[in-house]
Amino acid sequence: MIVLHWTASRSLMGTYNTFNKSILPSSRKALVNASSLNVSSHYLVDRDGSIYQLLPDTVFARHVIGLNYCAIGIENVGSDTYPLTQAQLFANEKLVRYLTRKYNIEYLIGHYEHTWFKNTSLWRETNPYYFSQKIDPGISFMRRIREELQDLNLKGAPPKK
Ligand SMILES: [Zn+2]
């Protein structure tokens, strides 16, 4: 699957520097308790739509609880108060099309939808209390990209239980 995110930060380099460490800072207590592996993502998309690949697609990246083992992550510089741009929408669309041609991608979800997989066979977390509620990359961004990518017939999150 592919999981789309926003960074909740306003700069590309700030995000890059956050991801470019192996060990998570101790300030992120809830995450550190589960593992000291730093958070990261396979791709990072800047405000102007430039796409940066941070990790090979097949390397495990820590970006979505429960689904990391099967999820390619795409981060976008932005937040709820710094909405994602049209250029980012186009770039995500192109990148998802590219990845879908290359791999057997079945699902495209926004990070906020990951919890809906919790009671499915796709969910893989050993600690049931290790969990987070997310809002990124926003409902409207997901609605818009799904409109653009209708022809790919990618599945979204399963119905909420
Ligand atoms: Zn996220």
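The values are calculated or read from the model by the stated rules, or taken from the named source; none is laboratory data. Because the structure is a prediction, the values reported are computed rather than measured. When we count neighbours, we look across all protein chains shown, and the Cβ atoms used for this are built from the backbone with ideal geometry, even at glycine.
Checking Thr7, Thr18, Thr81, Thr100 one by one, the residue that is within 16 Å of the ligand (Cβ to nearest atom), among the polar types (S, T, N, Q), at pLDDT 95 or above and over 14 Å from the mean Cα position of the chain (by Cα) is Thr81 and no other.
Highlighted here are the helices (runs of 4 or more DSSP H) found entirely within the stretch 1-108 that include at least 1 residues which are farther than 24 Å from Trp123 by Cβ: 12-19, 86-102. Here Val39 meets the list (1) within 15 Å of the ligand (Cβ to nearest atom); (2) aliphatic (A, V, I, L, M); (3) touching a residue at least 40 places away in the same chain (Cβ under 8 Å) almost entirely, failing just condition (3). Residues in the stretch 47-89 that are in contact (Cβ under 8 Å) with a residue 40 or more places away in the chain, among the aromatic types (Phe, Trp, Tyr) and under 18 Å from Leu31 (Cα atoms): Tyr69 only.
Ile145: loosely packed, with under 13 Cβ neighbours inside 10 Å and of a type in the set (A, V, I, L, M, F, W, C), yes or no?
no
Residue pairs whose Cβ atoms lie under 7 Å apart, separated by 6 or more positions or on different chains, with the first residue in the stretch 110-135 and closer than 20 Å to Lys29 by Cα and the second at pLDDT below 90 and not in a loop (DSSP other than H, G, I, E, B), are Asn127/Ala34; Tyr130/Ala34. With respect to the conditions (1) surrounded by 13 or more Cβ atoms within 10 Å (Cβ to Cβ); (2) free of Cβ contacts under 8 Å to residues at least 60 places away in the same chain; (3) away from the ligand (no atom under 14 Å from the Cβ), Leu12 falls short on a single one, namely (2).
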